[in-house]
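Bear in mind that the values in this text are calculations on the coordinates, not laboratory data. Keep in mind it's a predicted model, so treat the numbers as computed, not measured. Counting neighbours? That spans all protein chains shown, and the Cβs are built from the backbone with ideal geometry, glycine included.
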């Protein structure tokens, strides 16, 4: 019997690590996730700017960034910077990107998800970058979680056969960011967007989505999409389901906690089951993948030391840099991400109208 396939779990690094990256924003994602991952990979972070210079300087000192700009405009004018990493709230992204594409020295931009406040704004951002010849990538970093990456390579290798059914369940209590209250964003644009994008990454674009939502009892600011149940239907009969539960029981109120993220993929010749370690952050809990096939009979259990937060955050930037080297679109290009944004918007419409929504309706 041949040895089982061992799927790769890492995103390749660029050949040239020297292009200077300019970072805009100094919040948690930038400071505790992206910058540690970039430093571990020896990327060249050349400058940073934030809402306040003092906070940017503090982050620069922590991560060894040589230049601190007084404001965003000054960083955008820095001709030594060829790649921008923009980590600001969604309603602040468009203004920065519109200005950035007017600088001829900017070759690539990594923007956060969600890409703008809605699908229409995302389309505008993508158009600005395309018209200026700037390569845009979106930080859909769950694609670079090591379990998801390994599962993707397992599917590509054909070990599971034709996919039949996939399910993903998240029971977690996120720390909401202050800007979410002003925008009314809770689960669909913040948490579900990861899982819907991961389904697209693994299986392609669905034909339609049916979503059912309700508010989260713990989140006090006005919102609709606290708990989200989504069913994705594909033309070939494949089905996927996501359960995004940010209530996860009254654990904060005194009950015992039962938190975690797990997923399962069933195919015609094998199946895979995985866990995502993020809910244990800041403890380092690697994601896992187990899989079995008709030919092997037994469960294969590859393991790795890396974790999603922060190790996988090298993935979107590394792929953007490789895309610039290879003159190709990034894996999470702006154009590709429009399909994820459309899927999220379709989920909102489905929940409001109590019906399945075709993705083509959003275009």
Checklist entry - If you work out volume of the Cα convex hull per residue in Å³ from the coordinates, which of (1) 141; (2) 369; (3) 182 do you get? => result (1)
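May I ask what percent, to the nearest 5, of DSSP beta bridges between residues of region 143-247 are antiparallel? Spell out each step's value before the answer.
Values: 13 of 20 bridges.
If we restrict to bridges inside region 143-247, about 65 percent are antiparallel.
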Checklist entry - Against the longest principal axis of the chain, how steep is helix 119-132, in degrees 0 to 90 to the nearest 10, with axes from Cα atoms? => result 50
Item to check | Residue order, fewest to most surrounding Cβ atoms within 10 angstrom, among 348, 281, 263 | outcome: 281, 348, 263
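For the chain, what relative contact order do you get, as a whole percent, if you take Cα pairs closer than 8 Å and at least 6 residues apart? If you can, show how the numbers build up before the last one.
Values: 748 pairs, mean separation 74.3, N = 363.
Once normalised by length, the contact order is 20 percent.
Apply the a/c threshold of 1.5 to the C-alpha gyration tensor of region 284-363 and tell me whether it is rounded, prolate or oblate.
Values: a/c = 2.15, a/b = 1.30, b/c = 1.65.
Since a/c reaches 1.5 but b/c is at least a/b, the shape of region 284-363 is classed as oblate.
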Next on the checklist: Looking only at the chain, where both bridge partners belong to it, what percent of the DSSP beta bridges are antiparallel (to the nearest 5)?
Outcome noted: 60
Item to check | Debye log10 I(q)/I(0) at q = 0.11, 0.12, 0.17, 0.19 Å⁻¹ for region 35-168, Cα point scatterers | outcome: -0.51, -0.59, -0.99, -1.13
Checklist entry - Gap in Å between the Cα centre of region 322-349 and the Cα centre of region 190-230? => result 17
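Please give the calculated 222 nm ellipticity per residue for the chain, where each DSSP H segment of at least 4 residues contributes -39500 (n - 2.57) and the sum is spread over every residue; nearest 500 deg cm²/dmol?
Working: 10 runs with 109 residues, N = 363.
After summing the helix terms and dividing by residue count, I get -9000 deg cm²/dmol.
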Checklist entry - If you find the alpha carbon centre of region 80-127 and of region 238-312, how far apart are they in angstrom? => result 32
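Hey, fewest Cβ within 10 Å first, where do 146, 69 land in order?
Details: 146 28, 69 22.
Exposure proxy ranking, most exposed first: 69, 146.
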Checklist entry - Which one of 168, 183, 115 has the biggest mean-square fluctuation once the chain is modelled by GNM with Cα springs under 10 Å? => result 183
Item to check | Highest average packing first - 170-176, 339-345, 284-290, Cβ atoms within 10 Å | outcome: 339-345, 284-290, 170-176
Next on the checklist: Using Cα-Cα distances under 8 Å and only pairs 6 or more residues apart, what relative contact order does region 20-144 have, in percent?
Outcome noted: 23
Next on the checklist: Among 314, 261, 148, which one shows the highest mean-square fluctuation when the chain is modelled as a Gaussian network with alpha-carbon springs under 10 Å?
Outcome noted: 261
Next on the checklist: Among 80, 230, 50, which one shows the highest mean-square fluctuation when the chain is modelled as a Gaussian network with alpha-carbon springs under 10 Å?
Outcome noted: 80
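Percent relative contact order of region 137-280, based on C-alpha pairs within less than 8 angstrom and at least six residues apart? Please list the in-between numbers first.
Working: 260 pairs, mean separation 48.4, N = 144.
Relative contact order here is 34 percent.
Is region 95-237 best put as rounded, prolate or oblate by its Cα gyration tensor, with a ≥ b ≥ c the root eigenvalues, rounded for a/c under 1.5, and otherwise prolate when a/b is larger than b/c, oblate when not?
Working: a/c = 2.00, a/b = 1.14, b/c = 1.75.
Oblate is the answer for region 95-237, as a/c is 1.5 or above yet b/c matches or exceeds a/b.
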